[in-house]
Amino acid sequence: MAKVTRDDVARLAGTSTAVVSYVINNGPRPVAPATRERVLAAIKELGYRPDRVAQAMASRRTDLIGLIIPDARQPFFGEMAHAVEQAASERGKMVLVGNTDYIAEREVHYLRAFLGMRVSGLILVSHALNDLAAAEIDAWDARVVLLHERPEAIDDVAVVTDDLGGAQLAVRHLLEHGNAYVACVGGTADTPAVGDPVSDHVEGWRRAMKEAGIPTEGRLFEAPYNRYDAYRVGLDILSGPDRPPAIFCSTDDQAIGILRAARELRIDVPGELAVAGFDDIKEAALADPPMTTVASDRPAMARAAVDLVLDDGLRVAGSRRERLKVFPSRLVVRHSCGCAQP
């Protein structure tokens, strides 16, 4: 059987091959609804399948979006990747995912690989973008949207959460429960001071404590972002002589580790220790006790990032403020803070 071509579809639909292309690619020009229906009916009747490789070679772009994240094993990044994939699917795109494991060289590797594959755009969740990675992006003149983090090395469009304001909400809430002070589990020594959500969470903690006239010295603890290392840090914090009455964790994953440490040490949460996290991952509602945390609208952020990276006007000139899309944070009150069980 001869291969069905776009010309065959156009003849059956009574239109031009250009119109068939507009229907298949959903643009760039609009097609009248009745004409679109005829083209789709012809495609179905003939069993036509577009040659995506040929399309990519002609346009020098593919139907792929590259997504580079630190670690999909962490629930937050896994949920964010899923949201990006859903949003991309709504736009007729597929997503390639690369995990950097917080290693700069691996980030550059995925940048080169994805850009070399002529992805339609790149969504980058970068822990600390280095100059080499920034130079790679500039060399390809790539469409890039920063998601969740906004490293100083590049000034591309960013979609982020109000991390600082969200942290203040959580810490104020813990203080309103009558806790003398709130300790903070932040990031590690190599956490970027600017543009990183965890740094903003720590700064939000500092500001909320300052508002209440409470010192922060000696009350900030370093921990990796995952629950396993945070659990070990939690054992040290909670078994010491100056056990804090409340802890704000920069990520929910860290908070889950702290809850496990408290349970192992037979410390009642929230009776003897109040805990709050940040991110509102799905597991937060199933933690023991259910965790008070700060939420952001990840599906909306993912849609915004996908829409921006596919927008031809992405690289228009504008101020830093105009190129930064900030989504609000909201406090999600559960039981770990001391509030009654919902």
Using only alpha-carbon positions, what ratio does the radius of gyration of the stretch 61-213 give when scaled by 2.2 N^0.38 Å? 1.18
Match the structure shown to one of the listed values [x] 20.0; [y] 33.5; [z] 21.1 of mean projected area of the Cα convex hull in nm², computed from it, and give that label. [z]
Computed D for the stretch 4-49, Stokes-Einstein, Kirkwood radius over alpha-carbon pairs, 20 °C, 1.002 mPa s, to the nearest µm² per second, is 213 µm²/s
Choice from 26, 99, 179 with maximal GNM fluctuation in the chain (Cα, 10 Å cutoff): 26
How long are the three semi-axes of the equivalent ellipsoid of the stretch 125-241, in whole Å, if each is the root of 5 times an eigenvalue of the C-alpha gyration tensor, listed from largest down? 32, 17, 11
Can you list residues from other chains, or at least 5 along the same chain, whose modelled amide H is less than 5 Å from the amide H of residue 294? 277, 278, 279, 280, 332
Determine the sum of side-chain charges near residue 334: Lys and Arg each +1, Asp and Glu each -1, restricted to other residues whose C-beta is under 14 angstrom from that of residue 334. -3
Sum of side-chain charges, residue 228 neighbourhood, beta-carbon under 10 Å (Lys, Arg +1; Asp, Glu -1): +1
What share of Cα pairs, in percent, lie more than 25 angstrom apart in the stretch 161-295? 14 percent
Could you tally the net charge around residue 190, taking each other residue with its Cβ under 13 Å from the Cβ of residue 190, Lys/Arg +1 and Asp/Glu -1? -2
GNM top mover of 284, 88, 180 - the chain, alpha-carbon springs below 10 Å: 180
If I build a Gaussian network model for the chain, linking alpha-carbon pairs within less than 10 angstrom, which residue out of 11, 206, 112 has the largest mean-square fluctuation? 11
Considering only protein heavy atoms and a probe of 1.4 Å, how much of the accessible area of the stretch 207-342 is carbon and sulfur, as a whole percent? 50 percent
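The values are calculated or read from the model by the stated rules, or taken from the named source; none is laboratory data. All of these numbers come straight from a predicted model, not from anything done at the bench. Quick reminder, even Gly has a Cβ in these numbers, built from the backbone with ideal geometry, and neighbours come from all protein chains shown. Calculation scope for accessible area: heavy atoms of the full protein, side chains included, ligands and nucleic acids excluded. Shrake-Rupley method; radii C 1.70, N 1.55, O 1.52, S 1.80 Å.
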